[in-house]
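First up is the structure itself, then whatever we jot down about it.
Just so it is clear, none of the values below were taken in a lab; they were calculated from the coordinates. Remember, it's a predicted structure, so these values are computed and weren't measured experimentally. We place every Cβ from the backbone using ideal geometry, glycine too, and count neighbours over all the protein chains shown.
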Amino acid sequence: MHAEPLLRDVFGFDCFRPGQEEIVRAVAEGKNTLAIMPTGGGKSLCFQLPALLREGVTVVISPLIALMRDQVRGLREAGVEAGALTSGNTEEETAAVWEALEAGRMKLLYMAPERLASAGAQRMLARIGVSLIAVDEAHCVSQWGHDFRPDYLRIGELRRQLGVPLAAFTATADAETRAEIVEKLFDGVAPESFLRGFDRPNLHLAFAVKDQPRRQILAFAAARKGQSGIVYCGTRAKTESLSAALRDAGHSACHYHGGMEADERRDVERRFSQEDGLIVVATVAFGMGIDKPDIRWVAHADLPKSIEAYYQEIGRAGRDGAPAETLTLFGQDDIRFRRQQIDEGLAPDERKAADHGRLNALLGLAEALDCRRRALLGYFGESPETCGRCDLCDKPPEVFDATTPVRMALSAALRTGEYFGAGHLIDILLGNETEKVRQRGHDGLPTFGVGKELSKGQWQAVFRQIMGRDLVRPDPSRHGALRMTEKARPILRGEAEITLRRDTVKLAKADRPVVK
Ligand code: ADP
Ligand code: ZN
């Protein structure tokens, strides 16, 4: 299966979301499948991608016309031949769909269930080479549910007539509905089912602000000596230096990145799967195809690029179900680096905006104020209880009302034309008469020296947190000058307050008294 290139090039995602990969594989292989995924979990990809991997047409049955039209538009923009037959179509639209079908170009045909009632549609489906039926909102087949759609009862018959695999999706997980779906859509023959929630309860989750990153990773590894682990780094050079540092500290460690020869990489993969207690220090190139069940820990020496990437990378630990630890380091430079990476990429603006959103979700998780697992799973559509197995449940963070310092920081940015990075703004807030400050006349600003209550390190922590909350963003076309986002305006106008984590502010080496 060559799903990864399509995932990237057609859909614009770097990696699968939890659960998607297994479902995509089963559907692409032509198995009858039933997948229960929370809303927002990303189920459309689970039939759209297999549709591209299979010959012929995939028919998608969905009761939601607006959603069908959205998906068709999205697919067409990505260069995929898709069309919809719904009551909302104009005649021209319907004619164009027919034409594409007849010409054998169509890959995904969306249909409203009531279309199945027409004999013409049934004949057409029998003729055009359907290779897969995907059913969205499959619980609509349940006569006892409040979303019952009588036309859904025709789907089972269609499957029998066409003799093709069927993939059913729903967010409704109760056992009766499931049984009814199996009965009505699959004639009672159990399909391959995917029901696992996204939680990996044996993984302990933790983030830490980068303070002395190398020492932090060495300490984390030292506490787990002799266990197999992975350290993910943002650059190839760092994988080499950090694995050397781990070896110096007496660990068995090696590095891995995409710049190495194929046989060198295979060698590392082989050692990792056979040896006990090897640490692999790697870029994200290490992972796909690693199937070692007893990885006891995963650490990130640098912030991953998105919340999906984070989930996938920590998810390599503890596949055997036994407890495993994770630690993710992050700092202001990571945030700047990841933003820049997105901005400087070649993707269209819409995709860049989505990538910023996925990075924001990760930053929100990094600076979360309570249970980290709840924040993580919340992003994937689940709403679990507080977990008791994350660093924030272990030790709730102290928070403080940071409205005043944040307003000071924002107004320093604004009064200097949103033209400078955090370093210069901090000099202004602290009243440091640097040459740049004097040259620009910034010592005459009303914000000059108003921030002496905080140390430089503490201001850096404040700036990192407001970047993490996406109140300010570095502008790549101005060397990372900080620009305010819409989210900052209510705070600046005095209409909203903001709470920040005090621990990470305090931790910044306080050369002056900590915030009160
Ligand atoms: P639902 O399960 O509710 O149908 P969708 O298929 O609409 O969810 O997906 C929800 C969101 O998740 C969409 O914005 C989609 O772009 C995003 N998404 C889906 N798969 C991925 C992925 N692998 N990586 C990142 N984002 C994804
Ligand atoms: Zn928790």
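General remarks:
- Close amide H pairs (under 5 Å, H built 1.01 Å from N) link Val130 with Val57, residues at least 5 positions away or on another chain.
- Counting only Cβ charges, +1 for Lys and Arg and -1 for Asp and Glu, the dipole size of the chain around its Cα centre is about 1380 debye.
- The stretch 362-480: Rg to Rh, with Rh as the Kirkwood radius over Cα pairs: 1.09
- Net charge dipole, the stretch 347-398: roughly 140 debye, given to the nearest 20, about the Cα centre with Cβ charges of +1 for Lys and Arg and -1 for Asp and Glu.
- Qualifying GluC sites (Glu not before Pro) for the stretch 1-53 [loop in DSSP, other Cβ within 10 Å: at most 15]: Glu29
- Placing a pseudo-label 7 Å from each Cα along the Cα-to-Cβ vector at Asp370 and Ser118 gives an inter-label distance of 5.3 nm.
- FRET E, pair Glu497, Ser383, Förster distance 30 Å, beta-carbon r, rounded to 0.05: 0.70
- Nitroxide proxy distance, nm - points 7 Å out along Cα→Cβ at Glu261 and Arg127: 6.0 nm
- For the stretch 44-169: rounded, prolate or oblate by the Cα gyration tensor [a/c cutoff 1.5]: rounded
- Sequence-distant residues sharing a close amide H with Ala167 (under 5 Å, placed H): Thr33, Ile133, Ala134, Val135
- Placed amide H near Asp401: partners under 5 Å, 5+ positions off or other chain: none
- Computed on the Cα atoms alone, the convex hull of the stretch 126-198 gives a volume of 95 cubic angstrom per residue.
- Calculated on the alpha-carbon coordinates, the convex hull of the stretch 249-373 measures out at 144 cubic angstrom per residue.
- With a simple spin-label model that places each label point 7 Å from the Cα along the Cα-to-Cβ direction, the separation between Asp211 and Ser87 comes to 6.4 nm.
- Relative contact order computed over the stretch 236-337 (Cα-Cα under 8 Å; 6+ residues apart), in percent: 23 percent
- Scalar couplings 3J(HN,Hα) for the stretch 30-42, obtained by applying the Karplus form with A = 6.51, B = -1.76, C = 1.60 to θ = phi - 60°, are x, 7, 5, 9, 10, 10, 10, 10, x, 4, x, x, x Hz; x denotes Gly and Pro.
- When all alpha carbon pairs of the stretch 1-60 are counted in 5 Å bins from zero, the resulting P(r) reads 4, 19, 33, 27, 15, 3 %.
- The simple Förster model, with R0 at 25 Å and r as the Cβ-Cβ distance, assigns Ser193 and Asp151 a FRET efficiency of 0.55.
- Across all directions, the average projected area of the convex hull around the alpha carbons of the stretch 63-136 is 4.8 nm².
- As a rough guide to protection, the peptides 446-453, 344-351, 435-442 ranked by mean Cβ packing within 10 Å, highest first, stand as 446-453, 435-442, 344-351.
- Among the DSSP helices (H) of the chain, those spanning at least 15 angstrom by Cα along their long axis with an average Kyte-Doolittle hydropathy of 0.0 or more are 403-415; this is a geometric and hydropathy rule only.
- Reference-scaled alpha-carbon Rg (2.2 N^0.38 Å with N residues) for the chain: 1.12
- Chain lengthening between Lys452 and Ala179 when straightened (0.36 nm per residue, less Cα-Cα): 91.7 nm
- Percent antiparallel among DSSP beta bridges (both partners in the chain, rounded to 5): 15 percent
- Shape call, the stretch 333-408: gyration tensor on alpha carbons, a/c limit 1.5: oblate
- The calculated 222 nm mean residue ellipticity attributable to helices in the chain amounts to -12500 deg cm²/dmol, summing -39500 (n - 2.57) over DSSP H runs of n ≥ 4 and dividing by all residues.
- A full extension of the chain between Ile290 and Ala219 corresponds to an added length of 23.0 nm, given 0.36 nm per residue minus the alpha carbon distance.
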